[in-house]
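**Q** This structure is in structure tokens; I'll ask about it shortly.
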Amino acid sequence: MATLLPSTTTRDQSAPGASATLRSSEGPSQSSAPVSPIRDRAGSSFTALTRSIHEMGLMRRRYGYYWAKLIGAVLILAAWVVGFIWIGDSWWQLANAGVLAVLMTQISFLGHDAAHRQIFKSGRWNDWVSLIIANLLVGMSYGWWQSKHNRHHANPNKVGADPDIALAAIAFTPERATRHRSRLMRWLVAHQGWYFFPILLLEGVSLHKDGISRIISRGKIQRRWVEISFITFRLAGFVTLVFLMLPPEKAFAFLGVQLAVFGLYMGSSFAPNHVGMPLVSPKLKLDFLRRQVLMSRNISGGSLISVFMGGLNHQIEHHLFPSMARPYLRKAQPLVSAYCAAQGVPYTRTTLWQSYRIVIGYLNTVGLRGKDPFLCPMVAQRRAL
């Protein structure tokens, strides 16, 4: 087990590129926000927090909340279809495309909750709700996303294990940043922070493409034909409706705006949670509490931020208790924060706009080979002091 440097328990990230890498036991640990020594105890230090969460009733189901959201989502989506047909052949449909993108993202958040078993006790019910939401309503593959997301939750920001930091278009680690040999690609990677958010405009296309590639691949996939049927009906039916109501130039513009806004909204909701937090060496062993808390960032703000991010603003609580219903994350936050303080574990919380600044600064820092975020132990210790 690596020996980690002591630090204060709560931090606000305010500097771009404020990330670090946690190293293995073969060398001293490294972090720009050092963490406390890991205590070897009989049993898990996480047990007391879990017991308190259960005693407060924060792991109960919220059937009324979720049924209202599920039924409301279907009704709003149906109303959108009626409005789309009523508006007809008009360039105002481009604004309507943006509305649909926001609606699709909010519905995707519900699918995320169901995939984490937050809605029902029955795993089968949660799976089918996720399938209907992801494949039939949004047009993404639930099986592909679930596999990817489960690996992320098991090892957030761990090099070689977290698929969310192994993207082709963006280099999240210095190793990936130095793979490119052409001068143009090196320049682009060095400035990747500035085009990270613009490139999210293509994320909607990527999400659909990756999901389809997965379900038609030769690998073993559960409910393959259910996923194929749902996605085919959703995508073919949606495109048919658009081209029936709009001439080709407006139809293509409509689809482009819808996919662009959807990708930007999805990416802007997920990026603040982990980008710019410490990277984890493949050889480093961490207990569950530190593995989830140290690599996650909460976003401060009230109800508006919670609605905008679908509850993902409470990322630390979500990673510690992934099956906790979304409304309880806010209530668990003070308890988790206090517990981390008692354990000497840094608990990171910042504003949404500050998190975006950190994301841009971090990605640019990774892209510049001369500014390696894999800090040496002496630099990390000096910063701690």
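**Q** Pairs of Cα atoms under 8 Å, at least six residues apart: use those to get the relative contact order of region 63-271, whole percent. Numbers along the way, then the final one.
**A** Numbers: 194 pairs, mean separation 62.7, N = 209.
Computed over region 63-271, the figure is 30 percent.
**Q** Also, I was wondering about something else. Determine Rg/Rh for region 110-193; Rg is computed over alpha-carbon atoms and Rh is the Kirkwood hydrodynamic estimate from the same atoms.
**A** Here Rg/Rh amounts to 1.15.
**Q** Could you work out the relative contact order of region 244-356? I mean the mean sequence separation of Cα pairs under 8 Å and 6+ apart, divided by the number of residues, in percent.
**A** Value for region 244-356: 28 percent.
**Q** Sticking with this structure for a sec: For region 266-339, what class follows from the C-alpha gyration tensor (a ≥ b ≥ c being the square roots of its eigenvalues): rounded when a/c is under 1.5, otherwise prolate if a/b is larger than b/c, else oblate?
**A** Numbers: a/c = 2.26, a/b = 1.40, b/c = 1.61.
Note, shape of region 266-339 comes out oblate.
**Q** Using only Cα atoms, what Kirkwood radius does region 63-271 have, in angstroms?
**A** On the way: mean 1/r = 0.0537 Å⁻¹.
After inverting the pairwise mean of 1/r, the radius is 18.6 Å.
**Q** Check which residues have an amide H placed less than 5 Å from L279's amide H, if you skip close sequence neighbours.
**A** Correct list: A20, T21, L22.
**Q** Let me ask something else. Quick check: the distance between the Cα centres of region 318-350 and region 169-214, to the nearest angstrom?
**A** Region 318-350 and region 169-214 have Cα centres separated by 31 Å.
Since every read-out is calculated from the coordinates, none of them should be taken as a lab result. The structure presented is a predicted model; accordingly, all values stated were derived computationally and were not measured.
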